[in-house]
Amino acid sequence: MRGTPMPLDLTPSARPHGAQRMLSATTLTIEALVVLFAALAAHQLVPEHRGVTWALAGSTGLALLATAGLLRRGAWPYVLGALLQIPMIAMGAVIPAMWVLGPAFAVLYVYGVIRGRRWDAEKDAVDARVLAERAAEDSAAGGGADRAS
């Protein structure tokens, strides 16, 4: 096995539009669409519980969309997004395909949070190195021009 294992770190990246937020928000938004389609299937499969089906699917879908929009507000929306994976998996009780889709989206979400944060940290390191090199070049060029005067 190469490298070190990825720790479960749900703290947000400092980048406001970084990979972590983009991957996490995309996964949550697609999950909201999957919840809608699962509710449509459950509407026909369990006609005696249509009200409950739509109430649970609607609240889960809206929570997923709201959480995707709140990801810039700190660490708690990332934790909430992770907790929202539970009802996604639990939908398997009504729609058996969700026993596969729910865990798959949970893995995608956690991977997006962890790997996105790592990519953002790598990008921050590259940006800091480039800025330091530019500052060194500017000071060297500026220092040489001052001496020649």
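Using the heavy atoms of the protein chains and a 1.4 angstrom probe, tell me the accessible area per residue for region 25-97 in square angstrom.
Per residue, region 25-97 has an accessible area of 52 Å².
Send over the Kirkwood Rh of region 25-87, from the inverse of the averaged 1/r over different Cα pairs, rounded to one decimal Å.
12.0
When the Debye formula is applied to the Cα atoms of region 73-149, each taken as the same point scatterer, what base-10 log of I(q)/I(0) results at q = 0.14 Å⁻¹?
Taken in order of the listed q values, log10 I(q)/I(0) reads -0.65.
Tell me, what % of the accessible area of region 49-126 is carbon and sulfur with a 1.4 angstrom probe?
Roughly 76 percent, rounded to a whole number.
Would you mind calculating the relative contact order of region 40-116 from Cα pairs under 8 angstrom and at least 6 residues apart, reporting the percent as a whole number?
After rounding, I find 23 percent.
The values are calculated or read from the model by the stated rules, or taken from the named source; none is laboratory data. What you are looking at is a predicted structure, and each value in this text was computed from that prediction instead of being measured. Heavy atoms of the whole protein, side chains included, go into the accessibility calculation; ligands, DNA and RNA do not. Shrake-Rupley method; radii C 1.70, N 1.55, O 1.52, S 1.80 Å.
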